[in-house]
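Reading through the structure tokens given below for one structure.
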Amino acid sequence: MLLCMSLKPEQTLDALNWRYATKQFDPERKIPADAWKVIEETLVLTPSSFGLQPWKFIVVEDPAMREQLLGESWNQSQVTDASHFVVLTSRTDLGSEDIDRWLDCMAKAQAKSLEALAPLKGMIAGFSERMSSQQRQEWNIRQSYIALGQLMTVAAVMGIDACPMEGISNSAYDRLLGIEGSGYATVVACALGYRHESDKYAATPKARFATSEVIERI
């Protein structure tokens with residue numbers, strides 16, 4: 001039996017109050033390999049609609065590639081200074097082959113026959129076919145933001161800094177990463193590592209609306 005250890009409520013809030021969109025990373029500090037392995041696994045465990053996982057996460061390790069991406073990211077130093085840099089991509093459409101691939105995975109994981117999963121296949125296909133290709137791509141993009149949220153939250157809980165980055169040229173990223181025409185396209189990037197001691201934003205108070213303004217009880 002798996003024993004799940006949970007953080008105390010105040011520890012969770014402390015971690016989320018501690019995190020911020022890190023502007024300046026310490027290029028000398030690297031995320032330990034065992035910690036990074038956990039982060040990658042949490043990306044794999046990200047929930048998605050119907051469990052379809054219409055994404056691919058590209059961990060850019062090559063310094064030369066990161067230098068090229070820097071120029072397509074408004075020269076934001078996080079791209080090259082952070083310990084790790086992840087580009088989150090999503091499927092540009094969602095066809096029957098994507099659904100079949102997912103159901104094959106589910107059948108193996110849950111020891112079920114494809115025949116037993118036929119009703120689920122029909123439900124997913126029916127939902128997907130009611131959308132246009134563009135709507136399916138937009139749906140997939142939204143799934144990738146679920147992964148981004150999970151990535152940043154897990155990092156904060158682990159004491160690792162992160163910065164989500166939408167200020168990038170998606171088309172240039174696709175070209176440089178060699179994913180043009182692959183069925184995947186860049187959505188957003190995220191730099192992860194440890195804040196530099198001179199990053200003034202680390203001590204900047206968070207500006208958030210009051211709980212009563214953003215949470216409504218009915």
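Observations on the model:
- Span from the the range 75-108 Cα centroid across to the the range 31-73 one, whole angstrom: 8
- Charge sum, other residues only, whose C-beta stays under 12 Å from Asp199's C-beta, Lys/Arg counted +1 and Asp/Glu -1: -1
- Derived scalar couplings between HN and Hα for the range 50-66 equal 6, x, 6, 6, x, 8, 8, 10, 9, 8, 8, 9, 6, x, 5, 5, 5 Hz in order, rounded to whole Hz, by the Karplus curve 6.51 cos²θ - 1.76 cosθ + 1.60 (θ = phi - 60°), x for Gly and Pro.
- For Gly167, the shell of other residues with beta-carbons less than 13 Å away shows a net charge of -1, using +1 for Lys and Arg and -1 for Asp and Glu.
- At R0 = 25 Å, FRET efficiency that the Cβ-Cβ distance of Arg175 and Thr153 yields, to 0.05: 0.20
- Coupling constants for the range 163-177 follow from the phi torsions by the Karplus curve (6.51 cos²θ - 1.76 cosθ + 1.60, θ = phi - 60°), and in residue order they are 9, x, 9, 9, x, 9, 8, 4, 5, 5, 4, 4, 5, 5, 7 Hz; glycine and proline get x.
- When every Cα-Cα distance of the range 89-137 is counted in 5 angstrom steps from zero, the calculated P(r) takes the values 5, 21, 28, 21, 14, 9, 2 percent.
- Of Ser182, Ser198, Ser73, the sequence from fewest to most neighbouring Cβ atoms within 10 angstrom is Ser198, Ser182, Ser73.
- Members of Lys8/Lys121; Lys37/Lys112; Lys30/Lys200; Lys30/Lys108; Lys23/Lys56; Lys30/Lys112 lying beyond 32 Å, as alpha-carbon distances in this model show: Lys8/Lys121; Lys30/Lys108; Lys30/Lys112
- With distances taken between every two different alpha-carbon atoms, the range 128-168 has a Kirkwood hydrodynamic radius of 12.0 Å.
- A Förster radius of 45 Å combined with the Cβ-Cβ distance from Lys200 to Glu115 puts the calculated FRET efficiency at roughly 0.15.
- Relative contact order of the range 127-218, defined on C-alpha pairs under 8 angstrom at six or more residues apart (%): 25
- In order through the range 192-199: 3J(HN,Hα) via Karplus (6.51 cos²θ - 1.76 cosθ + 1.60), integer Hz, x for Gly, Pro: 9, x, 9, 4, 7, 4, 8, 6
- A Gaussian network model of the chain, with springs between Cα atoms under 10 Å, assigns the largest mean-square fluctuation among Ala33, Ala21, Ala155 to Ala33.
- Length gained when the stretch Arg29-Met106 is fully extended (0.36 nm per residue, less Cα-Cα span): 23.8 nm
- Ratio Rg/Rh, restricted to the range 34-185 and using Cα atoms, in which Rh is the Kirkwood radius: 1.01
- Mean residue ellipticity (222 nm) of the chain, computed from DSSP H runs ≥ 4 via -39,500 (n - 2.57), nearest 500: -13500 deg cm²/dmol
- Amide H contacts of Tyr184 (H built 1.01 Å from N, in plane; Pro and chain starts excluded): Thr92 sit under 5 Å, all sequence-distant by 5 or more or on other chains.
- With R₀ set to 35 Å, the beta-carbon distance separating Glu138 from Glu41 gives a calculated FRET efficiency near 0.80.
- Alpha-carbon centroid distance for the pair the range 186-218 / the range 144-183, whole angstrom: 16
Each value in this text was obtained by applying a stated rule to the coordinates, not by laboratory testing. Quick caveat: nothing in here was measured; it's all calculated off a predicted structure. Positions of Cβ are generated from backbone atoms using ideal geometry, with glycine treated the same way; all protein chains shown enter the neighbour counts.
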